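Report on the structure given below.
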Amino acid sequence: MSNIIVSPSILSADFAYLQRDIERVEKAGANWLHIDVMDGHFVPNISIGIPVVKSVKRVTKIPLDVHLMIENPMDYIPKFIDAGADIVTVHQEACSDMLEVVLEYIKARGVKSGVAIKPNTPANVLNDYLDKMDMALVMTVEPGFSGQKFIEEAAYKVEYIKNRVSDEFIIQVDGGINDKTANVCKYLGANSLVAGDYIYKSVDIQAAIDSLR
Ligand code: DX5
Ligand code: ZN
């Protein structure tokens, strides 16, 4: 067993049975719960928002890892934190020159901050911010949907980031993670893995989570 933070994505859960599906991964030892928020603008899909985060907070004790795939994130971050987000991840592409202000706000609210980059965004856009954030999220699929194929070239950015941060820094990989692609990510230096379909579509959720560690 290693110290990998496993964060199952509820995007692959059955929303009609969300509490049941959260309890399943919690019981199987999930460290965080990954909540994918999509606005239909930053990504071509719409998922869930602030009221769902608020309700989920009531039924689980594990930290809520909120991945914001939205434009103008600063307009909504205060509300997501009020609703119970423990880790707030914004996309670099959605913030550009606002990123420092956004990270300062998240830190001031006492929650962890993350910055995500899409597969075609170079890792060096994070260089000036690494000391101002708790986590980098390397996307290994184009954000918007679960169940897509892992883009290995995008994962190589993990190594670039790893060489510039301390051991406590969290490097999370999201998109197309399974037992095999998890090995690539861990080898490159990732210490947190998000998985949607691999966990929720498996017959043995416990075995699936264990196999990622
Ligand atoms: C994609 C989301 C991911 C996705 C992961 O936009 O950010 O978190 O739900 O799903 P899988 O693991 O099935 O690729
Ligand atoms: Zn995600």
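Coordinate-derived values only; no laboratory data. A quick note: this is a predicted structure, and the numbers were derived from the prediction, not measured. Positions of Cβ are generated from backbone atoms using ideal geometry, with glycine treated the same way; all protein chains shown enter the neighbour counts.
Name the single residue, out of those in region 176-213 being touching a Lys or Arg at 6+ places or on another chain (Cβ under 9 Å) and either acidic (Asp, Glu) or at positive phi (or both), that is surrounded by the fewest Cβ atoms within 10 Å (Cβ to Cβ).
Among those that are touching a Lys or Arg at 6+ places or on another chain (Cβ under 9 Å) and either acidic (Asp, Glu) or at positive phi (or both), it is Gly189.
For region 10-39, enumerate the residues that are among the aromatic types (Phe, Trp, Tyr) and in contact (Cβ under 8 Å) with a residue 40 or more places away in the chain.
Taking region 10-39 as the starting set, the residues that turn out to be among the aromatic types (Phe, Trp, Tyr) are 15, 17, 32.
Trp32, the sole residue that qualifies.
Would you mention how many residues in region 1-34 are touching a Lys or Arg at 6+ places or on another chain (Cβ under 8 Å), within 15 Å of ligand 2 (Cβ to nearest atom) and not β-branched (Val, Ile, Thr)?
Residues flagged as touching a Lys or Arg at 6+ places or on another chain (Cβ under 8 Å), within 15 Å of ligand 2 (Cβ to nearest atom) and not β-branched (Val, Ile, Thr) within region 1-34 amount to 1.
I need the full set of residues from region 96-114 which are more than 14 Å from ligand 1 (Cβ to nearest atom) and out of contact with any Lys or Arg (no Cβ under 9 Å at 6 or more places or on another chain), in order please.
Initial filter on region 96-114 (more than 14 Å from ligand 1 (Cβ to nearest atom)): 96-113.
Correct list: Ser96, Asp97, Met98, Val101, Val102, Tyr105, Ala108, Arg109, Gly110, Val111, Lys112.
For region 191-213, which residues satisfy the criterion of being within 17 Å of the chain's Cα centre (by Cα) and among the basic types (Lys, Arg)? Let's see the steps before the verdict.
Going residue by residue through region 191-213, those that are within 17 Å of the chain's Cα centre (by Cα) are 191-200, 209, 212-213.
Listed by number, the list holds a single entry, Arg213.
Considering only residues that are surrounded by 16 or more Cβ atoms within 10 Å (Cβ to Cβ) and either small (Gly, Ala, Ser) or away from ligand 1 (no atom under 12 Å from the Cβ) (or both), which ones fall in region 118-129?
Keep residues of region 118-129 that are surrounded by 16 or more Cβ atoms within 10 Å (Cβ to Cβ), which gives 118-119, 121, 123, 126, 129.
Within region 118-129, Thr121, Ala123, Leu126, Tyr129 qualify.
Considering only residues that are in a loop (DSSP other than H, G, I, E, B) and either crowded, with 18+ Cβ neighbours inside 10 Å or within 17 Å of the chain's Cα centre (by Cα) (or both), which ones fall in region 1-16?
From region 1-16, those in a loop (DSSP other than H, G, I, E, B) are 1-4, 13-14; that's our starting set.
Answer for region 1-16, where residues must be in a loop (DSSP other than H, G, I, E, B) and either crowded, with 18+ Cβ neighbours inside 10 Å or within 17 Å of the chain's Cα centre (by Cα) (or both): Asn3, Ile4, Ala13.
What pairs come out if I take residues in region 76-93 that are farther than 20 Å from Lys118 by Cβ and pair them with residues that are away from ligand 2 (no atom under 14 Å from the Cβ) and not in a helix (DSSP H, G or I) whose C-beta lies under 7 Å away, six or more apart or interchain?
The qualifying pairs are Ile81/Arg109; Ile81/Val111; Ala85/Val111; Asp86/Pro63; Asp86/Val111; Asp86/Lys112.
Can you find, within region 170-190, the residue that is nearest to ligand 1 (Cβ to nearest atom) among those that are over 11 Å from Ala154 (Cβ atoms) and under 14 Å from the mean Cα position of the chain (by Cα)?
For region 170-190, the residue satisfying everything is Ile177.
So is Leu193 within 12 Å of ligand 1 (Cβ to nearest atom) and out of contact with any Ser or Thr (no Cβ under 6 Å at 6 or more places or on another chain) or not? If you could, list the steps in order and put the result at the bottom.
On the way: within 12 Å of ligand 1 (Cβ to nearest atom): yes; out of contact with any Ser or Thr (no Cβ under 6 Å at 6 or more places or on another chain): yes.
Yes, satisfied.
Take the residues of region 150-198 that are touching a residue at least 12 places away in the same chain (Cβ under 8 Å) and aromatic (Phe, Trp, Tyr): which is farthest from Ile35 (Cα to Cα)?
Tyr160
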